[in-house]
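Asker: Dropping a structure here in structure tokens format, bear with me for questions.
Nothing in this text is a laboratory measurement; each read-out follows from the coordinates by a stated rule. The structure presented is a predicted model; accordingly, all values stated were derived computationally and were not measured. For neighbour counting, all protein chains shown are included, and Cβ atoms are generated from backbone atoms with ideal geometry for every residue, glycine included.
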Amino acid sequence: MQDVLRPGLFAGKSVVVTGGSTGIGLAIAHAFKRFEADVHILSRKPEHLAAAAKHLAGAGLGRVTTHSVDVRQADAVAAATKAIGPVDVLVNAAAGNFPGPFDALSANAWGTVVDIVLNGTANVCRAVRPNLRSGASILNIVAGYAWTGAPGVAHSGAAKAGVLNLTKSLAVEWAPIRVNAVSPGPIEGTEGMKRLADDLGLRPAIEKAVPQRRLGDPDEIAQACLWLASPGASYVTGTCLVVDGGMDAKGPFGDLLTGG
Ligand code: COA
């Protein structure tokens, strides 16, 4: 077996990244471009897509194909994937969220987030399925609160838990297509962390709560995705790689025992 993560690893491979115009999704698109993939970004807002394409071109990484698509719209997703053609790697990074206690969420508010995160992921998987090449794999970006409760983001937590379960179901039903999840901890520059760390001034508390005592970099999530999509992970499927600086590992009494 060849060592993984060598230059040109994804040359000639077609990689689709939903939510790939900002945050973690953009870092993932950037990483696959560095390894010479043909990257297709699906995202809702044309201005974000244009900025992402400019950012990647400015980094000397060449062109990406962009598609302005809302993952909630199954027909639009199907049209975009038809235009893209064969796919080697699908990364479902599109998400939507707004914090609020469950009592403040209307049925429509709940449904909106579940529709983007869970139904959107299913829509894209369904549309891409006939185009998946031999050796293809799917990566779903979830969150640590897919396992725990998710106070303040119950809608997103329930949806991410659903995506985690879908990951396992498809890994079985679609084998040998590999389907895995990646679970980021608190990551620098994401909308959620901007709100918590910067707007609410919680940065020191968040850093203290992470055993590594820092927020993660979006590229640290992208590196995990590169490996999971690579031939080095050829027997890895139906699992979730947690990339969170040790948050998940510390358990309920971790803060008491480590001073976090
Ligand atoms: N608290 C409670 N309810 C909220 C809310 C909030 N902060 N923001 C929106 N809602 C409710 C709306 O009131 C509406 O429910 P209603 O019809 O009962 O009033 C429902 O959610 C849908 O809102 P709407 O604004 O029409 O949804 P949208 O489809 O236009 O946008 C998002 C949904 C998630 C895309 C939008 O909220 C958003 O842009 N969020 C921030 C960006 C983001 O999510 N980034 C990804 C982070 S993971």
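Yes/no matrix, rows are residues, columns are (1) within 23 Å of GLN223 (Cβ to Cβ); (2) within 12 Å of the ligand (Cβ to nearest atom); (3) not in a loop (DSSP other than H, G, I, E, B):
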| residue | (1), (2), (3) |
| --- | --- |
| ASN108 | no, yes, yes |
| VAL113 | no, yes, yes |
| ILE116 | no, yes, yes |
| ASN123 | no, no, yes |
| ILE138 | yes, no, yes |
| ALA150 | no, no, no |
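Asker: Here are some residues: ALA93, ALA80. Which one is buried (at least 18 other Cβ atoms within 10 Å of the Cβ), within 25 Å of LEU228 (Cβ to Cβ) and within 15 Å of the ligand (Cβ to nearest atom)?
Answerer: Only one candidate qualifies: ALA93.
Asker: Quick test of your reading of the structure: VAL4 fulfils all but one of (1) buried (at least 19 other Cβ atoms within 10 Å of the Cβ); (2) of a type outside the set (Gly, Ala, Ser); (3) in a loop (DSSP other than H, G, I, E, B). Name the failing condition by number.
Answerer: All conditions pass for VAL4, except number (1).
Asker: Tell me yes or no: at least one residue of region 226-238 is assigned to a loop (DSSP other than H, G, I, E, B) and free of Cβ contacts under 8 Å to residues at least 40 places away in the same chain.
Answerer: Within region 226-238 (the criterion being assigned to a loop (DSSP other than H, G, I, E, B) and free of Cβ contacts under 8 Å to residues at least 40 places away in the same chain), the answer is yes, since at least one residue qualifies.
Asker: Counting just the residues of region 7-56 that are at positive phi and assigned to a loop (DSSP other than H, G, I, E, B), which one comes out surrounded by the most Cβ atoms within 10 Å (Cβ to Cβ)?
Answerer: GLY19
Asker: Separate question: Among (1) outside any helix (DSSP H, G or I); (2) more than 10 Å from the ligand (Cβ to nearest atom); (3) surrounded by fewer than 24 Cβ atoms within 10 Å (Cβ to Cβ); (4) of a type in the set (A, V, I, L, M, F, W, C), which single condition is PHE98 missing?
Answerer: So PHE98 meets the others, but not (2).
Asker: I'd like to verify a number: residues in region 164-190 that are of a type in the set (S, T, N, Q), in a helix (DSSP H, G or I) and either buried (at least 17 other Cβ atoms within 10 Å of the Cβ) or in contact (Cβ under 8 Å) with a residue 12 or more places away in the chain (or both), how many?
Answerer: 1
Asker: Out of curiosity, is ALA127 buried (at least 20 other Cβ atoms within 10 Å of the Cβ), within 10 Å of the ligand (Cβ to nearest atom) and hydrophobic (A, V, I, L, M, F, W, C)?
Answerer: So ALA127 fails the test.
Asker: Can I ask one more? Starting from region 96-108, take each residue that is in contact (Cβ under 8 Å) with a residue 60 or more places away in the chain and list its partners that are surrounded by fewer than 15 Cβ atoms within 10 Å (Cβ to Cβ) and of a type in the set (S, T, N, Q), counting only C-beta distances under 7 angstrom and pairs at least six apart or across chains.
Answerer: Close Cβ pairs satisfying both conditions: none exist.
Asker: Condition first: free of Cβ contacts under 8 Å to residues at least 60 places away in the same chain, in a helix (DSSP H, G or I) and in contact with a strand residue (DSSP E or B) (Cβ under 6 Å, 6 or more places away or on another chain). Now tell me which residues in region 125-136 satisfy that.
Answerer: Correct list: ASN131 only.
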